[in-house]
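> What follows is a structure written as structure tokens; I'll ask about it next.
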Amino acid sequence: MPARSRYGTVAVTLHWVIALGILVQIVMGLGMAHLAIPVGLKFQIYQLHKSIGITVLFAVVLRVLWRLTHQPPALPEAMPALERRAAEGAHLALYGFMLALPLTGWALVSVSPYNIPTVLFGLIPWPDLPILSTLPDKNTADAVAGFIHSRLAWVLAAVVGLHVLAALRHHFVLRDGILRRMLPFLKV
């Protein structure tokens, strides 16, 4: 059986759903943190941010499970060993941050002293994390969770940026077909 040259439909779909979700989350997070938004609209944006965050979490879990059960296409044989290890490390970091960020967001919501319920997309009530929602000093926990969540967001944005730059390098400089393996609607 010949080696596949590109990722399958499920992997490609999950990749781009996650990528779009992360991009939207970064833009929304920056807006929530740095723009003067009326309170009613800010509440709606926070609810949407939480909804998309949980959706991204589910998509990442599905992507990890898919990746563990499906062999990806092989990297080009000409790729140096150090670059292969760097790619593998970067992917592990991406998966780690893509799991950690929504989990820290969920923790942040759970320790919020405001106790505002999360309703995903205005339809599905979402629980707080049990132990965190009962902490006696929610203000300190809220500050710590908020700090961790915001810093992880910056780190994830940087890792995603490096991922994009690496893909563009492979496509435009090395011309080795790496990017084409993950592009949707492409017949190779």
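> Using heavy-atom solvent-accessible surface (probe 1.4 Å) with all chains present, what is the largest-first order of T13, T118? Show your work: numbers first, answer last.
On the way: T13 75, T118 10 Å².
The ranking, largest first, comes out as T13, T118.
> Based on alpha-carbon centroids, what's the gap between the range 81-101 and the range 126-188 in Å, whole number please?
Going from one Cα centre to the other spans 11 Å.
> Something else about it: Please compute the modelled spin-label separation between W16 and L65, points set 7 Å along Cα→Cβ, answer in nm with one decimal.
Between L65 and W16, the simple spin-label model gives 2.3 nm.
> Right, something else. Estimate the FRET efficiency between A93 and K42 by the formula 1/(1 + (r/R0)^6), using the beta-carbon distance for r and 22 Å for R0, to the nearest 0.05.
For R0 = 22 Å, the calculated efficiency reads 0.10.
> Among 76-82, 152-158, 64-70, what's the highest-first ranking by average C-beta atoms within 10 angstrom per residue? Please report the intermediate quantities before stating the final value.
Numbers: 76-82: 9.3, 152-158: 16.0, 64-70: 11.9.
Answer by packing, highest mean first, reads 152-158, 64-70, 76-82.
> Sticking with this one: In nm, what is the difference between 0.36 nm times the number of residues separating L129 and L30 and their Cα-Cα distance? Walk me through the intermediate numbers first.
Values: separation 99, 0.36 × 99 = 35.64 nm, distance 2.46 nm.
Between L129 and L30, full extension yields an extra 33.2 nm.
> What is the set of long-range amide H partners of T118 at a cut-off below 5 Å, with H atoms built 1.01 Å from backbone N?
So T118 has HN proximity to W126.
> With the contact rule set at Cα under 8 Å and sequence spacing of 6 or more, what percent relative contact order holds for the range 1-136?
Values: 93 pairs, mean separation 38.3, N = 136.
Relative contact order for the range 1-136 comes out at 28 percent.
> Further question: Order these peptides, 45-57, 24-36, by their mean beta-carbon neighbour count within 10 angstrom, highest first.
On the way: 45-57: 19.2, 24-36: 13.1.
Ranked from most to least packed, the peptides come out as 45-57, 24-36.
> At a probe radius of 1.4 Å, what is the per-residue accessible area of V173, in Å² to the nearest 10?
Taking all protein chains as shown, V173 has close to 110 Å².
> Given the rule -39500 (n - 2.57) for each run of at least 4 DSSP H residues, summed and divided by the residues of the chain, what is its mean residue ellipticity at 222 nm, to the nearest 500 deg cm²/dmol? Working shown, then result.
Details: 4 runs with 119 residues, N = 188.
That comes out to -23000 deg cm²/dmol.
> Next up: Tell me which label goes with the value of Rg and Dmax of the Cα atoms in Å computed from the coordinates here: (1) 18.9, 60; (2) 16.9, 64; (3) 24.1, 91.
(1)
> With r as the distance between the Cβ atoms of L183 and E83 and R0 = 22 Å, compute the FRET efficiency 1/(1 + (r/R0)^6) and round to 0.05. Mind dumping the intermediate values first?
Working: r = 21 Å, r/R0 = 0.94.
With a Förster radius of 22 Å, E is 0.60.
> Now for a separate question. State which helices in the chain qualify, where a helix is a whole DSSP H run, it must extend 27 Å or more along its own axis by its Cα atoms, and its mean Kyte-Doolittle hydropathy must be at least 1.6. List each step's numbers first, then the result.
Working: long enough: 9-34 (37 Å, 1.75); 39-69 (45 Å, 1.05); 81-111 (44 Å, 0.86); 138-168 (44 Å, 1.18).
Helix filter hits for the chain: 9-34.
The values are calculated or read from the model by the stated rules, or taken from the named source; none is laboratory data. Just so you know, these numbers come straight off a predicted model, no measurement behind them. Glycine gets a Cβ as well: all are built from the backbone with ideal geometry, and neighbour counts include every protein chain shown. The accessibility values were calculated without ligands, DNA or RNA, using every heavy atom of the protein model including side chains. Shrake-Rupley method; radii C 1.70, N 1.55, O 1.52, S 1.80 Å.
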